[in-house]
Amino acid sequence: MENEVDLFYRQMPKVELHAHLNGSVSFSTIEKLTARKPHLNIEHNMTAICSGQRRTLDECFQVFKVIHQLVDTEEDILMVAKDVIRQFADDGVKYLELRSTPREEKNTGMTRRSYVQTVIEAISQCGNEGLDIEVRFLVSVDRRHGFEVAMETVKLAEDFMLSTDGLVVGLDLSGDPTVGHGGDLLPALQKAKNCGLKLSLHMSEVPSQVDESELLLNIPPDRIGHGTFLHPEVGGAQSLVDKVTMNNIPLELCLTSNVKGQTVSSYSNHHFLYWYNKGHPVVICTDDRGVFCTELSREYQLVASTFGLSQEDMWSLSHKAIDYTFASASLKEQLHRRWLELRPSLFQTVPN
Ligand code: 6MZ
């Protein structure tokens with residue numbers, strides 16, 4: 001049974017800006033996938049890190065490999081993307097920017113292009129179901145795959161941005177941060193920016209990436225994923241903080257992911273507080289809600305209880321996040337109106 005606080009955060013309208021498709025697959029969807037592919041012998045503890053468990057970041061990346069084995073056809077992608085969108089809608093998310101890495105699977109004939117096409121199809125089918133959620137897509141570049149694939153992915157993202165009437169809004173740089181150097185991908189990222197794609201870049205997710213972060217911040221990106229080790233207190237650099245603050249670049253913060261992946265030692269030590277206390281734009285996100293067994297409403301609740309923030313403070317965080325989306329100006333305006341309409345029933349008072 002949901003208590004009042006759970007209900008408040010579920011009902012609070014929210015924006016989700018950092019959600020990897022294959023990391024967001026729920027237990028019930030995994031069950032459908034394992035039923036389709038029993039020969040893989042995949043058990044639930046291989047696809048999720050549940051309550052109380054922690055893994056190294058490296059072990060987290062092994063989990064994605066297992067999920068990728070389960071999701072290797074266009075049919076799988078369609079089901080997974082629709083389930084993920086419906087589950088975010090059930091959790092009170094009104095605007096979702098989903099991201100995913102186009103994957104080629106020689107065995108099943110899936111191509112990077114058909115992969116993106118299928119995610120777009122899932123978004124449009126969910127739109128036709130009348131779900132109360134707007135969805136946009138960020139095409140992900142996996143840093144592990146190097147420059148050639150990055151360039152190909154940017155081209156794909158550009159083509160779909162032009163052909164989908166604004167459903168594809170940007171490019172994400174992600175993947176195992178300990179592999180490869182983001183600097184090698186700069187021309188691809190710059191090309192994406194020049195053609196009008198918004199950039200959300202994973203940055204300083206692990207220590208000792210000051211040089212790489214300097215280069216990436218020079219572009220500069222429109223949002224930063226994690227940014228765990230940017231500030232000097234944790235081995236980053238003041239010059240990085242200065243660039244982030246000067247350009248007012250919002251940070252996408254995913255508390256449970258960072259704690260379970262052990263890049264942050266505890267919720268109370270999370271860098272949320274550093275940036276929040278500065279008054280810098282931050283947005284609370286899930287990263288991989290399936291793998292880390294969380295939900296966006298739960299992440300909001302955790303931030304409130306860990307840092308002693310009120311429901312009003314949390315409302316304000318959720319409301320401000322609209323400005324950090326890659327949505328068009330008119331959609332942002334529409335979302336702002338929606339938030340103000342929903343506010344009285346949430347607080348059961350007359351809005352100011
Ligand atoms: C960096 C991450 C990530 O793209 O197949 N991904 N990249 N840091 C993280 N922190 C835990 N979590 C997920 O979704 C899975 C892929 O998202 C990226 C990785 O590249 C992973 O393979 P898609 O939908």
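Here the condition is being more than 11 Å from the ligand (Cβ to nearest atom), in contact with a strand residue (DSSP E or B) (Cβ under 7 Å, 6 or more places away or on another chain) and in a loop (DSSP other than H, G, I, E, B); of Pro207, Pro177, Pro221, it holds for Pro221 alone. If the condition is being in a loop (DSSP other than H, G, I, E, B) and crowded, with 19+ Cβ neighbours inside 10 Å, then the stretch 224-239 contributes Gly227, Thr228, Phe229, Leu230, His231, Gly236.
Within the stretch 130-158, being more than 16 Å from the ligand (Cβ to nearest atom) and either out of contact with any helix residue (DSSP H, G or I) (no Cβ under 8 Å at 6 or more places or on another chain) or open to solvent by 40 Å² or more (accessible area, probe 1.4 Å) (or both) holds for Gly130, Leu131, Asp132, Glu134, Phe147, Glu148, Met151, Lys155, Glu158. Taken over the stretch 246-256, the criterion of being more than 18 Å from Leu96 (Cα to Cα) and within 11 Å of the ligand (Cβ to nearest atom) is satisfied by Thr256 alone.
Selection of the stretch 13-41 for residues being away from the ligand (no atom under 16 Å from the Cβ) and either more than 19 Å from the chain's Cα centre (by Cα) or under 14 Å from Val63 (Cα atoms) (or both) yields Phe27, Ser28, Glu31, Lys32, Thr34, Ala35, Arg36, Lys37, Pro38, His39, Leu40, Asn41.
Looking at the stretch 240-352, the helices (runs of 4 or more DSSP H) lying wholly inside it that each contain 2 or more residues that are touching a Phe, Trp or Tyr at 6+ places or on another chain (Cβ under 8 Å) and surrounded by fewer than 19 Cβ atoms within 10 Å (Cβ to Cβ) sit at 296-307, 311-320, 329-347. Evaluation of Val5 against the conditions (1) more than 15 Å from the ligand (Cβ to nearest atom); (2) at pLDDT 95 or above; (3) of a type in the set (A, V, I, L, M, F, W, C) shows that the sole unmet condition is (2).
Of the numbered criteria (1) within 13 Å of the ligand (Cβ to nearest atom); (2) modelled with pLDDT of 95 or more; (3) part of a helix (DSSP H, G or I); (4) open to solvent by 20 Å² or more (accessible area, probe 1.4 Å), the one Asp72 fails is (3). Does the stretch 117-125 include one or more residues that are open to solvent by 40 Å² or more (accessible area, probe 1.4 Å), more than 9 Å from the ligand (Cβ to nearest atom), farther than 25 Å from Ala321 by Cα and β-branched (Val, Ile, Thr)? No - not one qualifying residue is present in the stretch 117-125.
The values are calculated or read from the model by the stated rules, or taken from the named source; none is laboratory data. All values derive from a computational prediction rather than experimental measurement. FYI the Cβ positions are ideal-geometry reconstructions off the backbone, even for glycines, and counts take in every protein chain you see. With ligands, DNA and RNA removed, areas are computed over all heavy atoms of the protein, side chains included. Shrake-Rupley method; radii C 1.70, N 1.55, O 1.52, S 1.80 Å.
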